[in-house]
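Encoded as structure tokens, here's the structure I'll be asking about.
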Amino acid sequence: MRPVPVSPTNDGARIGARLRAARKANGYTLDQLAAASGLTKGFLSRVERDETSLSVASLITLCEVMSIEVGSLFSAPDVALVTQATAPAINLGGTGVKEQLMTPRGQSRLQIVHSTAEPGATGGAELYTINCAVEVLYVLKGAVDLVFADRRERLTAMTAMTFPGGEPHTWHNASTSRSAEMLWVLSPAPWSGSS
């Protein structure tokens, strides 16, 4: 059997940004990483800018110093595109509101819910809590009253409020004639059990 030669792509693996991120996540300066790995600061700087490449031995050394897996530098990032057309409808218990989950169902660190509230729509007459550490309400259009046990806050378009997920609250579309549009950001995702 005759071998079939394959020409290289000549674009190489671009891992510089991932190496820089790993270095910073581990708290290393370029000087410290150079000293720990036996490579020069200038060389590491060029590697992080993808201006030069590492030998296999140098790559293994850097990964050992930073306690990362070599394969993690080459794996594709976990990304997911969710559009309004493909986002699943959900119901968080409000009335007069259309809600869509804008993050993948498997995303446990964060959940984003897009809500369109009809005039007079509400999260309910009773205060409720969400099983998450942090909740953010960001109003895109219209005005929404965020109601807590001790106060009521009016959020208008392009304003946001951050509060603990365990804080009892509800909301109301402040208008009797205009709809409101908002994003709810919940971290971690309420179903993850991490809060």
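The values are calculated or read from the model by the stated rules, or taken from the named source; none is laboratory data. Quantities reported herein were computed from a predicted structural model and do not represent experimental measurements. Every residue, glycine among them, receives a Cβ derived from its backbone with ideal geometry; neighbour counts consider all protein chains shown.
Going by the structure shown, is residue 57 exposed (fewer than 14 other Cβ atoms within 10 Å of the Cβ), assigned to a helix (DSSP H, G or I), of a type in the set (A, V, I, L, M, F, W, C) and at pLDDT 90 or above? Working first, answer last.
Numbers: exposed (fewer than 14 other Cβ atoms within 10 Å of the Cβ): yes; assigned to a helix (DSSP H, G or I): yes; of a type in the set (A, V, I, L, M, F, W, C): yes; at pLDDT 90 or above: yes.
Considered against the rule, which asks whether it is exposed (fewer than 14 other Cβ atoms within 10 Å of the Cβ), assigned to a helix (DSSP H, G or I), of a type in the set (A, V, I, L, M, F, W, C) and at pLDDT 90 or above, residue 57 comes out as yes.
Of the residues 99, 118, 153, 135, which is surrounded by 14 or more Cβ atoms within 10 Å (Cβ to Cβ), free of Cβ contacts under 8 Å to residues at least 12 places away in the same chain and outside the structural domain of residue 62 (by TED's automatic domain parsing)? Quick ask: steps written out before the conclusion?
Numbers: 99 fails: free of Cβ contacts under 8 Å to residues at least 12 places away in the same chain; 118 fails: free of Cβ contacts under 8 Å to residues at least 12 places away in the same chain; 135 fails: free of Cβ contacts under 8 Å to residues at least 12 places away in the same chain.
So the residue among 99, 118, 153, 135 that is surrounded by 14 or more Cβ atoms within 10 Å (Cβ to Cβ), free of Cβ contacts under 8 Å to residues at least 12 places away in the same chain and outside the structural domain of residue 62 (by TED's automatic domain parsing) is 153.
A further question on this structure: Restricting to region 138-150, name every residue that is free of Cβ contacts under 8 Å to residues at least 40 places away in the same chain, of a type outside the set (Gly, Ala, Ser) and in a strand (DSSP E or B).
Result: 144, 145, 146, 147, 148.
Quickly run through region 55-92 and pick out the residues that are in contact with a helix residue (DSSP H, G or I) (Cβ under 6 Å, 6 or more places away or on another chain) and either aliphatic (A, V, I, L, M) or within 28 Å of residue 114 (Cα to Cα) (or both).
We begin by selecting, within region 55-92, every residue in contact with a helix residue (DSSP H, G or I) (Cβ under 6 Å, 6 or more places away or on another chain); these are 61-63, 65-66, 68, 70, 73.
Scanning region 55-92 gives 62, 65, 66, 68, 70, 73.
Hey, does region 125-136 have a residue that's over 30 Å from residue 79 (Cα atoms) and of a type in the set (Gly, Ala, Ser)?
Here is the first cut: in region 125-136, the ones over 30 Å from residue 79 (Cα atoms) are 125-128.
Keeping just the survivors that are of a type in the set (Gly, Ala, Ser) gives 125.
Within region 125-136 (the criterion being over 30 Å from residue 79 (Cα atoms) and of a type in the set (Gly, Ala, Ser)), the answer is yes, since at least one residue qualifies.
If a residue has to be among the charged types (D, E, K, R) and in a strand (DSSP E or B) to count, how many in region 104-121 make the cut?
Going residue by residue through region 104-121, those that are among the charged types (D, E, K, R) are 105, 109, 118.
In the following step, the residues that additionally are in a strand (DSSP E or B) were identified as 118.
Total satisfying the criteria: 1.
Restricting to region 77-96, and then to whatever is small (Gly, Ala, Ser) and outside any loop (DSSP other than H, G, I, E, B), can you tell me which residue is surrounded by the most Cβ atoms within 10 Å (Cβ to Cβ)? Lay out the reasoning, then the answer.
Within region 77-96, the first condition is being small (Gly, Ala, Ser), and the residues that meet it are 80, 85, 87, 89, 93-94, 96.
Okay, now just the ones that are also outside any loop (DSSP other than H, G, I, E, B), so 89, 96.
Details: 89: 8, 96: 14.
The residue in question is 96.
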